[in-house]
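This report concerns only the one structure given below.
Read-outs throughout are calculated quantities, based only on the coordinates presented, and are distinct from any laboratory measurement. The structure displayed is predicted, hence computed values, not measured ones. Glycine also receives a Cβ, built like all others from the backbone with ideal geometry; neighbour counts cover every protein chain displayed.
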Amino acid sequence: MSTTCELCRRVIPTERLDDPQATQQHHLRPEERATSPTVTLCRPCHDQIHATFTNEELRESYDSLDALRDADRLSDYLSWIRGTDKLEIAVETSEHVRRHR
Ligand SMILES: [Zn+2]
Ligand SMILES: [Zn+2]
């Protein structure tokens, strides 16, 4: 059974699911892990989200898939990743996320 990333909507083929990191659960409200809904994402999307937004931003403005899909700061990334089959990318944490760590 293949899995679809709920953000970029790429299908992750079964043979790549042997890698336990190929898909990951993202908590839409990162600081409320116990009660937060989760979505299944490919690793690049998950890395990219946390490199782009602070937990505070995720909680306040991007706690739904629709908000993430429409986010200006993800649009370049999303159009790029949809054209690749990469399941691993080098992510550069944005300056403003680093400041909040
Ligand atoms: Zn994805
Ligand atoms: Zn996450």
### Message
If you fit an axis through the alpha-carbon atoms of helix 72-81 and take the longest principal axis of the Cα set of the chain, what angle between them do you get, 0 to 90°, nearest 10?
### Response
10
### Summary
Each label sits 7 Å from Cα toward the beta-carbon; between S64 and T4 the label points are separated, in nm, by 1.9
### Message
If a paramagnetic tag sat 7 Å from the Cα of R73 along the Cα-Cβ line, which residues of segment 2-38 would have the backbone N under 17 Å from that point?
### Response
27-31
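Roughly how big is segment 3-99's charge dipole about its Cα centre, with Cβ charges of +1 (Lys, Arg) and -1 (Asp, Glu), in debye to the nearest 20?
Details: 13 positive and 19 negative charges, 25 e Å.
The calculated dipole for segment 3-99 is roughly 120 debye.
First select every other residue whose beta carbon is under 15 angstrom from the beta carbon of T3; then total the charges, Lys and Arg +1, Asp and Glu -1.
Details: positive: R9, R10, R16, R43; negative: E6, E15, D18, D19, D85.
Combined, the nearby Lys, Arg, Asp and Glu give -1.
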### Message
I want to check the label-to-label distance for E88 and T38. Put each point 7 Å from Cα in the C-beta direction and report it in nm to one decimal.
### Response
2.3
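To two decimal places, what compactness ratio does segment 3-99 give when its Cα radius of gyration is scaled by 2.2 N^0.38 Å? Kindly include the intermediate steps, with their values, before the conclusion.
On the way: Rg = 12.9 Å, N = 97, 2.2 N^0.38 = 12.5 Å.
The value comes to 1.03.
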### Task
Can you tell me the 0 to 90 degree angle between the C-alpha axis of helix 43-52 and the longest principal axis of the chain, rounded to 10?
10
